[in-house]
Amino acid sequence: MNISNDMSPFSIYFSLNNGLSDTKPSLKRMLSQMRGMYADDTAYANQLAQADSLLYEFHELGIPESPGNLAFGTSIVYPGKVGNEYYMTKGHFHTILDTAEVYYCIGGQGLMLMESPEGDWAAEPFTPGRAVYVPGRYAHRSINTGHEPLITFYTFRADAGHDYGTIESKGFRNIVIERDGQPAIITNPKWA
């Protein structure tokens, strides 16, 4: 694989079983890297005291961030909960706010939670074979509501950038919790 400013054709392998690539290692996000992301701070602290669990991982291929290139990879969100809130990705806006992104579910089940700066929001289901379109201007977060890894393939314009800071400071308006054995979307009590 030759990835430089002068892009050449290439191919890369992603496992249909676990979403991982043998070409490039994934970036891992541990529970300790999600401080403040979950609504129940006590449950978070108690769980972190027991173990710094792997919540999700994804592939960053190093595609040059220039117009015309496409970034792509896989994201794997593992099953579990902090308190009654499902494991999830941190979530982000794109720095170029009007950037859209597409996710295709390879395995597992969950939700793509999305919201715009104006307060519009949506949650689309992930099941194998389902593609979710995230429009420009929408922050987005993958949430695993099942009992096996949620594996998705994603692609977006390579120069879009990632704005994690807004989510770190404000959070999402809504969160997804388990209620009576089922996923439920509720207002985030920590949303600012």
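Okay, here's what the table says:
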read-out: Exclusive hit being surrounded by 14 or more Cβ atoms within 10 Å (Cβ to Cβ) and touching a Lys or Arg at 6+ places or on another chain (Cβ under 6 Å), set 31, 55; value: 55
read-out: Filter pass, residue 186 being of a type in the set (A, V, I, L, M, F, W, C), more than 16 Å from residue 92 (Cα to Cα) and surrounded by fewer than 18 Cβ atoms within 10 Å (Cβ to Cβ); value: yes
read-out: Restricting segment 144-192 to residues that are assigned to a loop (DSSP other than H, G, I, E, B) and of a type in the set (D, E, K, R), the residue that is modelled with the lowest pLDDT; value: 190
read-out: Identity of the residue in segment 36-75, charged (D, E, K, R) and modelled with pLDDT under 95, that ends up farthest from residue 171 (Cα to Cα); value: 65
read-out: Where a residue in segment 132-154 is over 20 Å from residue 96 (Cα atoms) and free of Cβ contacts under 8 Å to residues at least 60 places away in the same chain and its partner, wherever it lies, is of a type outside the set (Ser, Thr, Tyr) and assigned to a strand (DSSP E or B), with Cβ under 8 Å and at least six apart; value: 145/110; 145/111; 145/176; 145/178; 145/183
read-out: Per-region count, segment 65-105, residues more than 15 Å from the chain's Cα centre (by Cα) and more than 20 Å from residue 176 (Cα to Cα); value: 11
read-out: Qualifying positions in segment 144-192 - out of contact with any Asp or Glu (no Cβ under 9 Å at 6 or more places or on another chain), within 23 Å of residue 107 (Cβ to Cβ) and not hydroxyl-bearing (Ser, Thr, Tyr); value: 144, 146, 147, 148, 149, 150, 151, 153, 181, 182, 183, 185
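For every residue, the table says whether it meets (1) under 14 Å from the mean Cα position of the chain (by Cα); (2) among the hydroxyl-bearing types (Ser, Thr, Tyr); (3) at positive phi.
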| position | (1), (2), (3) |
| --- | --- |
| 157 | no, no, no |
| 160 | no, no, no |
| 164 | yes, yes, no |
| 175 | yes, no, no |
| 188 | no, no, no |
| 191 | no, no, no |
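The values are calculated or read from the model by the stated rules, or taken from the named source; none is laboratory data. As the structure is a computational prediction, the values presented were derived from the model and not from experiment. Methodologically, a virtual Cβ is constructed for each residue, glycine included, from the backbone with ideal geometry; neighbour enumeration extends over all protein chains shown.
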